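Participant: For reference, the structure I am asking about is given below.
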Amino acid sequence: MIKSMTGYGRAEETINGYAVTVEIKSVNHRYFEFSSRTPRAYGFLDEKLKSYFQSEISRGKVDCYVQIEALEEADVVVNLNLSLAKGYLDAYKALAEEFGIDNDVKVSTLSRNNDIFSIHKAQADEDAVWSIVRTVAEKALVKFVAMRLQEGERLREDILGRAEIILDDVAFIEERSPQTVAEYNEKLLQRMQTVLEDVHVDEQRLLTEAAIFADKVAVAEETVRLRSHIAQLREFFESSEAIGRKLDFLVQEINREANTIGSKAQDVEIARRVINIKSEVEKIREQIQNIE
């Protein structure tokens, strides 16, 4: 199904002592562009999130926001600087010897020197955290894709409706084009009879002029290609792949055929229909800018 490049999804869940929230939103962009905001301590998630979402999203500017709260106190690790402690002990011993006093240094005495100890929380298990975040990200992605599909369906209906309008105009041009040749023949005959008055009109010359005009204004090839392009447009919408770039190219081709018909048009009604076609093509072009 067709997906829009505009989407939003959010999920939050508490898993194994972590409260995690993942929020995804995107807007249209020619390529896949990803940015994420994660807590400083979990910066390792950025590349993992990018790879995960890129496997599911082909195009669009995607922003991802992740909040992680550890509900349980992390294990605390206390490190002891033994060389520094030995330095303190040696200093106390030297002090006692120098002044002839008792060396009554105990562990409690050393513990007052805070620089001997360093305290920090145990580092989080990256694989475990990523597994939790990915679970929540997957749920946010489901909502995100659902919104893209819903918007994509609206775009599909709008574009196919405009394609039908174009086909109606093409049908009119196909019917009207031969009539313009017949009308030209009639006008040409009248002009020649007026100029030559009662003199016999050269039928061969008349046929030659008419043939030149018919060839000049012939648009059958262009209308056939237009119908082919519209048929291909419909086929694209049945694809499960990303089709935004293909549609962009196809619309350029549709517009090119309309321009060719417009340059050949020698009839006001056909010219009006060409303007209608170009107007609808432009509206389709705007819509497909938001298709993945």
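What follows is calculated from the coordinates using simple rules that are stated; it is not laboratory data. What you are looking at is a predicted structure, and each value in this text was computed from that prediction instead of being measured. Glycine gets a Cβ as well: all are built from the backbone with ideal geometry, and neighbour counts include every protein chain shown.
Participant: Got a sec to turn the phi values of segment 278-292 into Karplus ³J(HN,Hα) couplings, 6.51 cos²θ - 1.76 cosθ + 1.60 with θ = phi - 60°, whole Hz, x for Gly and Pro?
Facilitator: 5, 5, 5, 4, 5, 5, 5, 4, 5, 5, 6, 4, 10, 9, 5
Participant: Ordered by residue, what ³J(HN,Hα) values in Hz, to whole numbers, does segment 134-145 give under the Karplus form 6.51 cos²θ - 1.76 cosθ + 1.60, where θ = phi - 60° and Gly and Pro are x?
Facilitator: 5, 4, 6, 4, 5, 5, 5, 5, 4, 5, 4, 5
Participant: Mind putting a number on the dipole of segment 76-121 about its Cα centre? Charges go on the C-beta only, +1 for Lys and Arg and -1 for Asp and Glu, and I need it in Debye to the nearest 20.
Facilitator: 340
Participant: With θ taken as phi - 60° and the coefficients 6.51, -1.76 and 1.60, list the Karplus ³J(HN,Hα) couplings across segment 82-92 in order, rounded to whole Hz; mark glycine and proline as x.
Facilitator: Along segment 82-92, the couplings run 5, 5, 5, 4, 4, x, 5, 4, 4, 5, 4 Hz.
Participant: If you don't mind, another one. In what sequence, highest mean first, do 86-98, 164-176 appear when ranked by Cβ atoms within 10 angstrom?
Facilitator: Highest-to-lowest ranking by the protection proxy: 164-176, 86-98.
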